[in-house]
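The structure under discussion appears below in the form of structure tokens.
Each reported figure results from applying straightforward, stated rules to the coordinates on display, with no laboratory input. Bear in mind the structure is a predicted one, so any value in this text is a computation, not a measurement. Virtual Cβ from ideal backbone geometry, glycine too; neighbours counted across all protein chains shown.
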Amino acid sequence: MAKRRKTAREKLEVDQEPKVVDDPRGRGKMLIPKPLDVDALIRKIRKGKLATVAQIRDRLAKDFNADFTCPLTAGIFMRIAAEAAEEDLTEGKKRITPYWRVIKADGSLNEKFPGGTEAQATRLTEEGHTILPGKGKKPPRVKEFERSLQEL
């Protein structure tokens, strides 16, 4: 019998504790957060505001007295939070994690979020942001995104 795949919500709510470990590359203390910690920070981003992936990672590291947050796990957990939000929306929930407000350090949109950059651009436009088209392989980005960054 085939094993049932976990939902994004199940992945988000996995029973694990955050860990601060020595970075294998010698860069100091590295936080491996839990998915719900990433989700909780994204939920703090207000309508009309934005946060970068780096801001989220920096805030998490500061909260756990680490030098930095593991970029790989943070990225995976942001995607899980986004997928769980879409599951919640499908189930009729109104207050979902506003993952579309998370952008890259240069203001570009995230291709790995549900619906890709098109869906993220639509939601951000609805919140009053102007989206500049991508150039070549570069994804679209938020115009003058620095003005909308929220302190985390």
remark   = Simple spin-label estimate for L149/K112, 7 Å along Cα→Cβ, in nm, reads 2.1 nm
task = Anything in the chain that counts as a DSSP H helix reaching 18 Å or more along its axis (C-alpha) with Kyte-Doolittle mean of at least -1.0? List them, would you?
result = 71-90
message = Less than 19 Å apart at the alpha-carbon level, and either on another chain or at least 8 residues along: which lysines does that give for K3?
response = K11
message = For the chain, what does the relative contact order come out to in percent, with C-alpha contacts under 8 Å and a separation of six or more?
response = 25 percent
query = Label point 7 Å out from D58 along Cα-to-Cβ: which residues of segment 126-152 have amide N under 11 Å?
reply = 150-152
ask   = Which length gain, in nm to one decimal place, applies between D23 and K135 when the Cα-Cα distance is subtracted from 0.36 nm times their residue separation?
value = 36.8 nm
query = When the chain is treated as a GNM, springs tying every alpha-carbon pair under 10 Å, which of R101, R59, R46 comes out with the largest mean-square fluctuation?
reply = R46
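Explain nothing, just the number: relative contact order of segment 1-81, from Cα pairs under 8 Å at least 6 residues apart, as a whole percent.
Relative contact order here is 36 percent.
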query = When the chain is treated as a GNM, springs tying every alpha-carbon pair under 10 Å, which of T125, T52, T90 comes out with the largest mean-square fluctuation?
reply = T90
request  = Would you mind checking the pairs K34/K112; K112/K138; K44/K138; K49/K112; K62/K137 and listing those with alpha carbons more than 23 angstrom apart?
outcome  = K44/K138; K62/K137
key: Most mobile of L132, L109, L72 in a GNM of the chain (Cα contacts under 10 Å)   = L72
inquiry  = Please report the spacing between the Cα centers of segment 122-138 and segment 34-103 in Å, no decimals.
reply    = 20 Å
message = How big is the dipole moment of segment 12-148 about its Cα centre under a simple scheme where the beta carbon of each Lys and Arg is +1, that of each Asp and Glu is -1, and everything else is neutral? Debye, nearest 20, please.
response = 600 debye
query = In what sequence, highest mean first, do 138-146, 34-42 appear when ranked by Cβ atoms within 10 angstrom?
reply = 34-42, 138-146
remark   = Sorted by chain and then number, the residues having a modelled amide H within less than 5 Å of the amide H of I103, at least 5 places away or on another chain, are A51, T52, V53
Helix-only [θ]222 nm of the chain, DSSP H runs n ≥ 4, -39500 (n - 2.57) each, per residue, nearest 500 = -11000 deg cm²/dmol
